[in-house]
Amino acid sequence: MVPLSHWVTFVIAAALLIALPGPSVLFVIGRTLALGRRAGLLSVVGNASGMLVQTTLVALGVGAIVAQSIVVLTVIKYAGAAYLVFLGIQAIRHRSRVSAPVESSAPRSTLRLLGEGFVVGVTNPKSIVFFVAILPQFIDPKAGRIPFQLAELGLTFVVLALLMDSIWALSAGAARHWFARSPKRLSHLGVAGGVVMIGLGGALAVTGSKS
């Protein structure tokens, strides 16, 4: 296991990093504004599941291979960016559904929302690079098997991200609830959420923003 002192230091560093609005936060906010609090929370879970896959790959040593391959990282980056743009366009196209009363609007399936969040999380190349570059800094070779320590740190990061991103989703959901008092305002909000996701996808494609 990771030494307690190393783990506590990692928790502090990870919490500070996650607290800064990055792609994951903007994705969750955009989804919540466009589709509602339920969709936002499910997107958080899906996104965290995607990151969990990445941490598993890093613990198994596959992450390092991926991180060192410019071609693979580029493909993953553009695939994730394109998917975000697609989700944003869908949110704008279906804004009329968003503007319907919240109680009567047909919700998307749970599996679909989880799956969309998972794709975004697992295709974020900067998360892979982060896990490969940062996690090893907090392990102690004398404390046990390194893959287990990497998995422990990765799981800690995912849990923190799950909790903190959920706060963003709940906050955005509260704001959306206020906008829901006016169908026209809610329609505009759905468009805004779509624009956020499209902008995020474009930014990731061009700059590969931090996770």
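The values are calculated or read from the model by the stated rules, or taken from the named source; none is laboratory data. Here the structure is a predicted model, which means the values were calculated and not measured. For neighbour counting, all protein chains shown are included, and Cβ atoms are generated from backbone atoms with ideal geometry for every residue, glycine included.
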Could you list, in sequence order, all residues of the range 1-14 that are of a type in the set (A, V, I, L, M) and loosely packed, with under 15 Cβ neighbours inside 10 Å?
Met1, Leu4, Val8, Ile12, Ala13
Which count do you get for residues in the range 109-141 that are under 17 Å from Leu4 (Cβ atoms) and not in a helix (DSSP H, G or I)?
2
Would you pick out the residues in the range 142-161 that are surrounded by fewer than 18 Cβ atoms within 10 Å (Cβ to Cβ) and part of a helix (DSSP H, G or I)?
Lys142, Ala143, Ile146, Pro147, Phe148, Leu155, Val159
Looking at the range 5-25, which of the residues that are over 15 Å from the mean Cα position of the chain (by Cα) and of a type in the set (A, V, I, L, M, F, W, C) is farthest from Gly154 (Cα to Cα)?
Leu16
Taking Gly88, is it among the small types (Gly, Ala, Ser), modelled with pLDDT under 85 and over 14 Å from the mean Cα position of the chain (by Cα)?
yes
Flag if Gly22 is closer than 13 Å to Val120 by Cβ, buried (at least 22 other Cβ atoms within 10 Å of the Cβ) and not charged (D, E, K, R)
no
Evaluate the following for Val53: is it of a type outside the set (Lys, Arg) and modelled with pLDDT of 75 or more?
yes
Being at pLDDT 80 or above and surrounded by 14 or more Cβ atoms within 10 Å (Cβ to Cβ) narrows it down to one of Ala180, Ala172, so name that one.
Ala172
Just to be sure before I move on: is Leu114 at pLDDT 85 or above and closer than 20 Å to Val196 by Cα in the structure I sent?
yes
Subset of the range 117-130 that is of a type outside the set (Gly, Ala, Ser) and either on the phi > 0 side of the Ramachandran plot or touching a Ser or Thr at 6+ places or on another chain (Cβ under 6 Å) (or both) - its residue that is modelled with the highest pLDDT:
Phe118
